[in-house]
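Have a look at the structure below before the remarks.
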Amino acid sequence: MPRLSLALLLALFACPSAASAANLKLADVRLLEGAAPVVEAFLARPGLRFEPEPVRLDRHGRRLAHVFSGPLWLQRELVARGLAIVAPPLVSRERAQALLALERRARISEPGLWARIEARAVAADRARSVLDRFAIVEGRVLSMRRGFRSSFVNFGPDWREDFTIYLRRGRISRAFPEGSLEGRRVRVRGWVYYSNGPAIELADPLYLERLGR
């Protein structure tokens, strides 16, 4: 993923020091290859403003914000052009929902934009190919099981080998009652790690999309 230069961050956020600029990140998206020139051009526009809604820090302590110039919204421009994908952590539910809807439409209307490995959805039975990185995974849910600390969304008959989504008990687990996803095609996004096969721990219910029966 390309990194915004310190100069760009300084221009964007008008920070008084390099230290504060280095701790900022675009909210609710993950940049893809080719995004940097578009970001730089956007930052040259007049009347820039950033809106942390609400103020949030990611796990690296960076402040997350949405960026605007008049009616234009940088994150929307990037997603529409296939230069960014919607990604946790969630900052603004309303804006993340709008970006997800835009990404779905763009994938259908401009499929060539999403052909790169970082952007395209990987089939659940090939999730091992994206271990240890952020990915979007699609597949049909075989079963759901409730455990002590998490619920488990299984995509194959062998939970020791097949792709699994972990739903923490509480708000995330309640969003998907047991059996509610069985037989459904879904799309999930997050960091793929190994835990009895490839797995994603769902960061927010918003990032697990039902695709149809």
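The values are calculated or read from the model by the stated rules, or taken from the named source; none is laboratory data. Here the structure is a predicted model, which means the values were calculated and not measured. Neighbour counts run over all protein chains shown; Cβ positions are idealised from the backbone, glycine included.
A few notes on this one:
- If only residues of region 50-99 that are acidic (Asp, Glu) and assigned to a strand (DSSP E or B) are counted, the one that is modelled with the highest pLDDT is 51.
- Scan of region 167-193 for residues that are hydroxyl-bearing (Ser, Thr, Tyr) and modelled with pLDDT of 95 or more, ordered by number: 193
- Some residue of region 124-140 being in contact (Cβ under 8 Å) with a residue 40 or more places away in the chain and over 30 Å from residue 35 (Cα atoms): yes
- Among the candidates 197, 190, the residue that is under 27 Å from residue 91 (Cα atoms) and crowded, with 16+ Cβ neighbours inside 10 Å is uniquely 190.
- Of the residues making up region 110-152, just one is farther than 30 Å from residue 177 by Cβ and of a type in the set (Val, Ile, Thr), namely 117.
- The condition of being in contact (Cβ under 8 Å) with a residue 40 or more places away in the chain, surrounded by 13 or more Cβ atoms within 10 Å (Cβ to Cβ) and within 22 Å of residue 172 (Cα to Cα) holds for only one of 57, 100, 74, 83, that being 100.
- Of the residues contained in region 156-167, one or more are found to be surrounded by 13 or more Cβ atoms within 10 Å (Cβ to Cβ), of a type in the set (Val, Ile, Thr) and either touching a Gly at 6+ places or on another chain (Cβ under 9 Å) or in the same structural domain as residue 86 (by TED's automatic domain parsing) (or both).
- Checking each residue in region 153-163 for being in a loop (DSSP other than H, G, I, E, B) and within 16 Å of residue 179 (Cβ to Cβ) picks out only 155.
- In region 27-48, the residue that is nearest to residue 63 (Cα to Cα) out of those that are touching a Leu at 6+ places or on another chain (Cβ under 9 Å) and assigned to a strand (DSSP E or B) is 29.
- When the test is whether a residue is within 21 Å of the chain's Cα centre (by Cα), of a type in the set (A, V, I, L, M), closer than 20 Å to residue 122 by Cα and modelled with pLDDT of 85 or more, residue 35 does not pass it.
- Positions within region 170-208 being among the hydrophobic types (A, V, I, L, M, F, W, C), part of a loop (DSSP other than H, G, I, E, B) and touching a residue at least 60 places away in the same chain (Cβ under 8 Å), in sequence order: 203
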